[in-house]
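The values are calculated or read from the model by the stated rules, or taken from the named source; none is laboratory data. Predicted, not measured: the structure shown is a model, and the values here were computed from it. Note that each Cβ is placed from the backbone with ideal geometry, even for glycine, and that neighbours are counted across all protein chains shown.
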């Protein structure tokens, strides 16, 4: 897991079989640490340990959801999903352990671009990031339990703080924050999460499926392409109305350089009606990949590495360009005659 802000160094603190090293994330409900763990063979590795604040343990619904999150994270095996490694309790404090990703949260990379006066990322880079996220979403939508029953997971909110870019060009989606469609939080009229990343059906308190995640990913892609969020209302109610009525900002108005065919893909993902969107996150990813391949031949992971190197040159390994592979030169006519006349000559 990555830091939303600067990591705060602390004295190494034992926590069960882990040693907490630095505070990485502090939000209203939990705190996360960079931690060290040692295997039976003595090998050390970095992990991310998250635990809720003690005052949140008074709410049974929060604790149940937290543990459900942990169980779901243990099932992840997709390359674009941060892997869950362990969960449990230490002195009545629940915790979740996930892999440590050496990089930055997407929100911080967007902020860095904005500080340089840019409106988002180059379109091929933004599209490649969105495509990787879409594949993570699709893999999660297909997850089944031990009885081969679909888990019915939706992300509900994919925002710039839940996606991470490694310095090596990888794209990772946070292991925590997935929700079952039958969870009490899906009760009619219940609104939970970050309003600026709501789908229309979520804003109306209606049941959700994977197409809601397609819409929310469209919102994130809009932000990466334009440097601004699509629903720019002054308050939450205004944003909900914008989303429900399809009155989002125009991507072309904010970024006139956008390719019209890419805008069509974006607008399809951001359709108010789920039936007008891509039927799955996989279909969205395929459309994005097709567009990117039509305009850019660079390896997408190399392009993402270059983006990270621009803002963190000291953290990204410099890769020297590979020398061109030259075919062996054909022997001259004289050499061929010598080989034919002198069959014993070394060839």
Subset of region 38-68 (residues that are closer than 22 Å to residue 105 by Cα and in a helix (DSSP H, G or I)): 66
Any hit, region 95-113, residues being over 21 Å from the mean Cα position of the chain (by Cα) and outside the structural domain of residue 154 (by TED's automatic domain parsing): yes
Filter result (within 20 Å of residue 52 (Cβ to Cβ), modelled with pLDDT of 90 or more, touching a helix residue (DSSP H, G or I) at 6+ places or on another chain (Cβ under 9 Å) and not in a strand (DSSP E or B)) within region 69-101: 82
Count of region 136-150 residues which are in contact (Cβ under 8 Å) with a residue 40 or more places away in the chain and either surrounded by fewer than 18 Cβ atoms within 10 Å (Cβ to Cβ) or assigned to a strand (DSSP E or B) (or both): 1
Condition met for residue 35 (assigned to a loop (DSSP other than H, G, I, E, B), in contact (Cβ under 8 Å) with a residue 24 or more places away in the chain and closer than 30 Å to residue 316 by Cα): no
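Across region 30-61, what is the total count of residues that are in contact with a helix residue (DSSP H, G or I) (Cβ under 8 Å, 6 or more places away or on another chain) and surrounded by 13 or more Cβ atoms within 10 Å (Cβ to Cβ)?
Here is the first cut: in region 30-61, the ones in contact with a helix residue (DSSP H, G or I) (Cβ under 8 Å, 6 or more places away or on another chain) are 30, 52, 56-57, 61.
Narrowing further to those that are surrounded by 13 or more Cβ atoms within 10 Å (Cβ to Cβ): 30, 52, 56-57.
Counting residues in region 30-61 that are in contact with a helix residue (DSSP H, G or I) (Cβ under 8 Å, 6 or more places away or on another chain) and surrounded by 13 or more Cβ atoms within 10 Å (Cβ to Cβ) gives 4.
Residue by residue, here is whether (1) modelled with pLDDT under 95; (2) touching a helix residue (DSSP H, G or I) at 6+ places or on another chain (Cβ under 8 Å); (3) more than 23 Å from residue 111 (Cα to Cα); (4) assigned by TED's automatic domain parsing to the domain that holds residue 137 holds:
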| site | (1), (2), (3), (4) |
| --- | --- |
| 225 | no, yes, no, yes |
| 230 | yes, yes, no, yes |
| 237 | yes, no, yes, yes |
| 245 | yes, no, yes, yes |
| 262 | no, yes, yes, yes |
| 265 | no, yes, yes, yes |
| 268 | no, yes, yes, yes |
| 271 | no, yes, yes, yes |
| 276 | no, yes, yes, yes |
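Every residue in region 260-282 that is exposed (fewer than 15 other Cβ atoms within 10 Å of the Cβ) and under 18 Å from residue 127 (Cα atoms), please. If you could, list the steps in order and put the result at the bottom.
Residues of region 260-282 exposed (fewer than 15 other Cβ atoms within 10 Å of the Cβ): 260-261, 264, 273, 275-276, 279.
260, 261, 264 - these are the residues of region 260-282 that are exposed (fewer than 15 other Cβ atoms within 10 Å of the Cβ) and under 18 Å from residue 127 (Cα atoms).
Just checking, how many residues over region 151-178 are under 11 Å from the mean Cα position of the chain (by Cα), in contact (Cβ under 8 Å) with a residue 60 or more places away in the chain and not in a loop (DSSP other than H, G, I, E, B)? First the steps, then the outcome.
Filtering region 151-178 down to residues under 11 Å from the mean Cα position of the chain (by Cα) leaves 158-166, 170-175.
Now narrow it down to the ones that are in contact (Cβ under 8 Å) with a residue 60 or more places away in the chain: 158-161, 164-166, 170-175.
Pick out the ones that are also not in a loop (DSSP other than H, G, I, E, B) and you get 164-166, 171-173.
Counting residues in region 151-178 that are under 11 Å from the mean Cα position of the chain (by Cα), in contact (Cβ under 8 Å) with a residue 60 or more places away in the chain and not in a loop (DSSP other than H, G, I, E, B) gives 6.
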